[in-house]
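Just so it is clear, none of the values below were taken in a lab; they were calculated from the coordinates. Just so we're clear, the structure is a prediction, and the values are computed from it rather than from any experiment. Positions of Cβ are generated from backbone atoms using ideal geometry, with glycine treated the same way; all protein chains shown enter the neighbour counts.
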Amino acid sequence: MVNGNQNHHPIEGWIQTHTKNLTTHNDCVPLGCMVLNSVSKLRPLCQSMSMFSLPNAPSLADLDWDEDQPHFDSRSRIFELDPCCGNGKVCLVYKNCLKGVVAQQCEVWFLDRSLYWQFLTPTFTAYYRLMITHLGLPEWQYAFTPYGPSPHDKVMQCPSKTGLSS
């Protein structure tokens, strides 16, 4: 049986967790977690900040090489939606921004741990549906990367092989 706990309010963010009761030990094991940061926690991803304090040290701006991807400078406004338990960051991205102009169109991108951008959806609504579809399973965002989820998470995403199906 999968239990769900939720806490949501439009301004306070949203968290949905799932646990699985193990029949052998009657323990609850975390199965999935869906997170959307609250409006008060939507902070710009650090922009053009040096990773080191050394002169001429690389910065996030040095990673900008593809014009179609988000940029770590004033061309994009990037906000973290989900920290993904340290396995990357799901970001709300406004591209082609101009100073003093309100951005209108956002996309949702996944910044993986190797600092490569992976496009997820063209709108926030589409991302919300995708997140619900994947039940917040660990590292589900990696299914949209060239290397995919870890072997452990591939097993978790196939309920019939884990005995987690209802």
Original post:
Looking at the square roots a ≥ b ≥ c of the eigenvalues of the Cα gyration tensor of the stretch 81-140, which shape do they give, rounded for a/c under 1.5, prolate if a/b is larger than b/c, or oblate?
Top reply: oblate
Original post:
Under a point spin-label approximation (7 Å from Cα along Cα-to-Cβ), what is the K41-A103 distance to one decimal in nm?
Top reply: 2.0 nm
Original post:
Label-point separation (nm) for C85 and L115, each offset 7 Å from Cα along Cα-to-Cβ?
Top reply: 2.5 nm
Subject >> Built amide H within the under 5 Å cut-off of L81, gap 5+ >> reply: V90, C91, L92
Subject >> Whole-Hz ³J(HN,Hα) from phi, Karplus 6.51 cos²θ - 1.76 cosθ + 1.60, for the stretch 70-81, glycine and proline x >> reply: x, 10, 8, 9, 5, 6, 10, 10, 10, 10, 7, 8
Original post:
So, in nm, how far is label A126 from label D73 when the simple model puts each one 7 Å beyond its Cα toward the Cβ?
Top reply: 2.7 nm
